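The values are calculated or read from the model by the stated rules, or taken from the named source; none is laboratory data. No experiment lies behind these values; they were computed from the predicted model shown. Note that we place each Cβ from the backbone using ideal geometry, even for glycine, and neighbour counts take in every protein chain shown.
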Amino acid sequence: MNKKIVMGLSVLATLLFSGCAGDEVKSAEVKPEMKMERFQSVAMNEATMLQTGEHKHACPECGMKLPMFYKTNHAATSNGKVKQYCSLHCLVDDKMNNKSNLSDMKVVAVDTLKFIDVKDAIYVVGSDVKGTMSGLSKYAFEGRMSARRFAEEHQGQIMNFDEAYDYAKKDFE
């Protein structure tokens, strides 16, 4: 079967089963003017696009619109070019399945909406807030207190990038 068809079916199944189109979630981390249909979303003018080109607003792995899933965006450099992903799931997919050599990995911090180095991020994994491309949510924070407040309100485990990455790899087992 054609890889694009398989990828499209996989994305559709993931959206249906993981509930990416979920209800609005109220959180202490979301300012009222930022509330959108999805917790992960921000307005186009609030999203930082690190990749360039005609398709800079789309995930290079699944094609989903990056501002719509901005709070789970990750980015990395591959062959001198920045790729911006909708989720940790898609970054792992590119690295594991496409064998992309990724460096300078970054993630959007939910509490600041800025990209930070993944090694500096504090992840909350498995919260009751719907994730992107996975049934197990993975949200990153710059501040440890912000991550703790989010985990207290929405459950989930606090962990570092390597631990969150290991959970994301399980999507492909």
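Brief remarks on what is shown
- Candidates are the residues of region 130-173 that are basic (Lys, Arg) and within 19 Å of Asp120 (Cβ to Cβ); the one that is surrounded by the most Cβ atoms within 10 Å (Cβ to Cβ) is Lys138.
- Subset of region 116-154 (residues that are within 17 Å of Gln40 (Cβ to Cβ), of a type outside the set (Asp, Glu) and in a loop (DSSP other than H, G, I, E, B)): Ala121, Gly126, Ser127, Val129, Lys130, Gly131, Thr132, Met133, Ser134, Gly135, Leu136, Ser137
- Residue within region 99-112 that is more than 19 Å from Val42 (Cα to Cα) and basic (Lys, Arg) present: yes
- Qualifying positions in region 45-84 - closer than 20 Å to Met133 by Cα and either exposed (fewer than 14 other Cβ atoms within 10 Å of the Cβ) or modelled with pLDDT under 95 (or both): His55, Lys56
- In region 129-153, the qualifying residues are those that are over 15 Å from the mean Cα position of the chain (by Cα) and in contact (Cβ under 8 Å) with a residue 40 or more places away in the chain, and the one that is nearest to Phe69 (Cα to Cα) is Phe150.
- Test result for Tyr70, within 11 Å of the chain's Cα centre (by Cα), within 14 Å of Gln51 (Cα to Cα) and of a type outside the set (Val, Ile, Thr): yes
- Met49 being farther than 26 Å from Ser146 by Cβ and in contact (Cβ under 8 Å) with a residue 24 or more places away in the chain: no
- Per-region count, region 114-128, residues under 13 Å from the mean Cα position of the chain (by Cα) and among the hydroxyl-bearing types (Ser, Thr, Tyr): 1
- Residues of region 86-103 include none that is β-branched (Val, Ile, Thr), surrounded by fewer than 24 Cβ atoms within 10 Å (Cβ to Cβ) and either in contact (Cβ under 8 Å) with a residue 60 or more places away in the chain or outside any loop (DSSP other than H, G, I, E, B) (or both).
- Count of residues meeting criterion [within 27 Å of Gly80 (Cα to Cα) and either of a type in the set (Gly, Ala, Ser) or at pLDDT below 95 (or both)] in region 101-160: 4
- Qualifying residue in region 93-113 (condition: within 20 Å of His57 (Cβ to Cβ), under 16 Å from the mean Cα position of the chain (by Cα) and hydroxyl-bearing (Ser, Thr, Tyr)): no
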